[in-house]
Amino acid sequence: VQLQASGGGLVQAGASLRLSCAASGRTFSSSGMAWFRQAPGQEREFIAAINWSGRSTYYGDSAKGRFTISRDNAKNMVYLQMNSLKPEDTAVYYCARSQTSSWSVYARNYDYWGQGTLVTVSS
C-alpha cells in the first residue's frame with residue numbers, strides 16, 4: 001500500500017484548500033482513512049477520519065465546522081476540504097490508512113502513511 005498526499009501550498013488566512021490522498025492497493029476500499037497534521041515542534045494531531053464506506057466521519061476539535069473529509073473508493077482517493085484557514089493550520093498534513101474498516105483518533109491504529117503535504121497559511 002502506498003499513499004501519496006498532495007494539494008498543499010501557501011494561502012492567506014480565510015482561504016480554502018483541498019488536499020488529496022491517492023492510495024494504491026486493493027484494500028483501500030475496505031479501510032478507514034484519516035488525516036493528521038504536524039506543525040514544527042509539535043506532536044502529530046488528529047484532524048479527521050472516515051470509515052470504509054464514507055458513511056461515518058469524525059473530526060478533531062480544530063477541524064470541526066471548517067474541514068470536510070470524503071472519499072471516492074472508485075478512484076482510491078481521500079480528500080480533505082479545508083475552509084476558513086487560519087495561520088494555526090500551518091503544518092504538514094498526512095493521510096493514513098486504518099488497520100480496520102473503521103476510524104480511530106489514535107495514530108498507532110494506522111499502518112500506512114503518506115509522505116505529507118505542507119500547508120502554510122499566512123496572516
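The values are calculated or read from the model by the stated rules, or taken from the named source; none is laboratory data. Given the structure is predicted, the values throughout are model-derived calculations rather than measurements. Reconstructed Cβ throughout: ideal geometry from the backbone, glycine too, with neighbour counts over all protein chains shown. Side chains are part of the model used for accessible areas, which takes the heavy atoms of the whole protein and leaves out ligands, DNA and RNA. Shrake-Rupley method; radii C 1.70, N 1.55, O 1.52, S 1.80 Å.
Computed quantities for the displayed model
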quantity	calculated
³J(HN,Hα), Karplus 6.51/-1.76/1.60, whole Hz, each residue of the stretch 28-45, x for Gly, Pro	4, 5, 10, 10, x, 9, 8, 10, 10, 9, 9, 8, x, x, 10, 6, 5, 10
Loop-located chymotrypsin sites (Phe, Trp or Tyr not before Pro) in the stretch 81-118, at most 12 other Cβ atoms within 10 Å (DSSP)	Tyr106
Principal semi-axes in Å for the chain [√(5λ), Cα gyration tensor, largest first]	23, 14, 13
Square roots of five times the Cα gyration tensor eigenvalues for the stretch 17-61, Å	22, 13, 10
In sequence order, calculated HN-Hα J values of the stretch 52-57 (Karplus, 6.51, -1.76, 1.60; Hz; x Gly/Pro)	4, 8, x, 7, 10, 10
The chain - percent of accessible surface contributed by carbon and sulfur, probe 1.4 Å	46
For the chain: relative contact order, % (alpha-carbon pairs under 8 angstrom, 6 or more apart)	36
Hz values of 3J(HN,Hα) by residue in the stretch 106-111 - Karplus curve (6.51, -1.76, 1.60), Gly and Pro given as x	9, 4, 5, 8, 10, 9
Label-to-label distance, nm, for residues given as Ser84 and Ala22 (7 Å Cα→Cβ offset)	3.3
Amide proton proximity set for Arg18, modelled H, under 5 Å, gap of 5+	Met82
At R0 = 25 Å, FRET efficiency that the Cβ-Cβ distance of Ser30 and Arg108 yields, to 0.05	0.80
Positive dipole terminus of the stretch 16-123, leading residue within Ser70, Tyr112, Ser123 (C-beta point charges)	Ser70
Efficiency of FRET from Cβ geometry, Lys64 and Gln115, R₀ 30 Å, rounded to 0.05	0.70
Extension gain, Gln99 back to Gln38 (0.36 nm per residue minus Cα-Cα distance, nm)	19.9 nm
Inter-probe distance in nm under a simple model that places probes 7 Å from Cα toward Cβ, at Asn76 and Thr57	2.3
